[in-house]
1. Take every Cα pair under 8 Å in the chain that's 6+ residues apart, average their separations, divide by the length, and report that relative contact order as a whole percent.
2. Placing +1 on the Cβ of each Lys and Arg and -1 on the Cβ of each Asp and Glu in the chain, which of M313, V49, A344 has its Cα farthest towards the positive end of the resulting dipole?
3. With just the Cα atoms defining each centre, how far is the range 314-366 from the range 115-141? Give it in Å.
4. Please calculate how many Å² of accessible area the chain carries per residue, with a 1.4 Å probe and no DNA, RNA or ligand atoms counted.
5. Taking the Cα centre as origin and putting +1 on Lys and Arg beta-carbons and -1 on Asp and Glu beta-carbons, what dipole magnitude results for the chain, to the nearest 20 debye?
6. Magnitude of the Cβ-charge dipole of the range 115-270, K/R +1 and D/E -1, about the Cα centre, nearest 20 debye?
7. Carbon and sulfur together cover what percent of the accessible area of the chain at a 1.4 Å probe radius?
8. What residue among Q296, Q14, Q398 has the largest mean-square fluctuation in a Gaussian network model of the chain, using Cα springs under 10 Å?
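The values are calculated or read from the model by the stated rules, or taken from the named source; none is laboratory data. Every value quoted in this text rests on a predicted model; they were computed, and no experiment measured them. With ideal geometry, Cβ positions are generated from the backbone for all residues, glycine too; neighbour counts draw on all protein chains shown. To get the accessible areas, we keep the full protein, side chains included, count just its heavy atoms, and leave off ligands, DNA and RNA. Shrake-Rupley method; radii C 1.70, N 1.55, O 1.52, S 1.80 Å.
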Amino acid sequence: MKRTQSESLFQTAQKYIPGGVNSPVRAFKAVGGNPLFIAKAKGPRITDVDGNEFIDYVASWGPMIFGHAHPKIVEAVSRQAQLGTSFGAPTELETRLAQKVVDAVPSVESVRLVSSGTEATLSALRLARGFTGRDKIVKFEGCYHGHGDSLLVKAGSGVLSLGLPDCPGIVADLAKNTLNVPYNDTQAVEELFSRMGKEIACLIVEPIGGNMGVVPPQPGFLELLRKVTKASGTLLIFDEVITGFRVSYGGAQKLYGVTPDLTCLGKIIGGGLPVGAYGGKKEIMDHIAPVGAVYQAGTLSGNPLAVTAGIEMLNLLSQPGVYEDLEKKSEKLCNGFKENVKKAGVTAAFTRVGSMFSMFFTGQEIVSFDSVKTSDTDLFRRYFNAMLEEGIYIAPSQFEAGFMSAVHTDDDIDKTIEAQFCALKKALG
Ligand code: HOZ
């Protein structure tokens, strides 16, 4: 595979941008080699600057659920661009998107739009602390909630992929208020809450782990979180930046029937443009300025282009049969992968909820940060590079999810399964 243009652009990028990338996981550090620079993408395919075309299962880390450059989204954004790209003043579009979110997501009565998932989670934490008057927060090992200071302790995503120790620059006095518990460990949660529940402002969780690879919640886990937080006056926050509108139109909370107090959203509700949101009960949300005293603001919050793309995305997602189709396609792909793994004699564990999935090179059952860390990352590195050679674009880390889109065809999936078998054989050497 020719990579000369990407190599040359990466050399130049490193002169002007730290590490040549604007988000660390993109740097391919966990898989060796240099990142591909992307020229364009359409539907389920992405093309690099050297003209190599790949079937894409990264989907911009989730949001391209209707593929790249969907004509309806492109048309709506182009139309809006003619009318202006940013006003720093309210538009009707924002209310239309907010209303769609309120109608779809069980916990959300009122929602504030921001510009990224990170902004959503750190604002939700501030709100939870302001609302409860408590400082401590609980999160789970391997969950990643963006790069806010309180949340980068034992985090997943890039921190895990690059094997970084806890992040310098985070004030110890703040970090000490972040308590980590192993994912799916109901006993540890119960024990922590019985000891100090009344000091805890909020518990934040990815209702389906998505940033250490896909780690589904075990039966009863989310229900337990709801029970202990309610009993101690702690706010339960679901970080649905990945799962919101991905695993069902109402997110993981609708799928599992557990309603948090606050929900963070991102990515999908911006149709691939920069958006985040946090919402919940009106009684809590009304503590945010200008109604209440918890301050949070942003010139680009509710940006008209991003909101327009989000409205179109939710229109597409609300058509009948979308989630059933995603389920069928994802099941077909993962079944094909499982067969391949058996034929190739590789040990691997599979996880999937709807259209988000992972394959870990380990024999362990995947339930937590500790279990995903048993994966053979060296084998993953060889596998990732072999998949690229075979024309398949997956996340450059064992610890990130794969995503199916509504526009992958049966033929794309068959090609992927065939390619994956070749990649497994190459990776095994
Ligand atoms: N936080 C994203 C992975 N879960 C990575 C985003 C990016 O590097 O673009």
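1. Once divided by the residue count of the chain, the mean separation gives 22 percent.
2. So the residue furthest toward the plus end is V49.
3. 32
4. 41
5. Approximately 300 debye in magnitude.
6. In debye, rounded to 20, the range 115-270 gives about 300.
7. 53
8. Result for the chain, Cα springs under 10 Å: Q14 fluctuates most.
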